[in-house]
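Notes follow once the structure below has been shown.
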Amino acid sequence: MTDLNETTNDESREEKSGRNDCLIMLREKPEIFLHHFDCKRTICEEFNIDINTLDKCHVYLAYYHIGEFGCDSSAFVLYEDEAGRLFEVHGGHCSCHGLDSQSYNGEPHSQWEPEEAAVPALKHRLVNGSLGDVGGYDDEGFTKESKMVVDYLESIAT
């Protein structure tokens, strides 16, 4: 398992020109961090959750794009827990708040609310829905990376 303080070494990291993204391949499982997520630690920090939450999990895809002027920001995390269950988390905010923003009643509230995910449902949303489309005006989303992860998950399920 990767240390939270370590992203990866240069041999297993592929930088994409023009974007602050990285593709990391560990143990033949894709581990993709895009934009403002660059490792497990930044996921925990941005969602304001315990720093050890993802220690024994494998993050397949973590996307967090903050739109121009902080508007139209969205996040998506797809991970597998140590029992092999797949989960996804969604988040978003305007320029006034973050992923760890307060609720309307002023109480602290994190958008970290994992939902169990299924590969067929992810595939359906990718092909027939909008998985990976962020709908924003200043980002291309994460459709290509979602397809790569879903293809990998389908290949190990058979």
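If the condition is being at pLDDT 90 or above and either in contact with a strand residue (DSSP E or B) (Cβ under 9 Å, 6 or more places away or on another chain) or among the basic types (Lys, Arg) (or both), then segment 38-57 contributes Asp38, Cys39, Lys40, Arg41, Thr42, Ile43, Leu54, Lys56, Cys57. The lone criterion from (1) within 17 Å of Gly91 (Cα to Cα); (2) at pLDDT 90 or above; (3) of a type outside the set (Gly, Ala, Ser); (4) touching a Leu at 6+ places or on another chain (Cβ under 7 Å) left unmet by Val119 is number (1). Give the residue, chosen from Arg19, Arg85, Arg27, that is at pLDDT 90 or above and of a type in the set (Lys, Arg). Residue meeting the stated conditions: Arg85.
The values are calculated or read from the model by the stated rules, or taken from the named source; none is laboratory data. Keep in mind that this is a model prediction, so the values were computed, not measured. Heads up, the Cβs are rebuilt from the backbone with ideal geometry, glycines too, and the neighbour counts pull from every protein chain shown.
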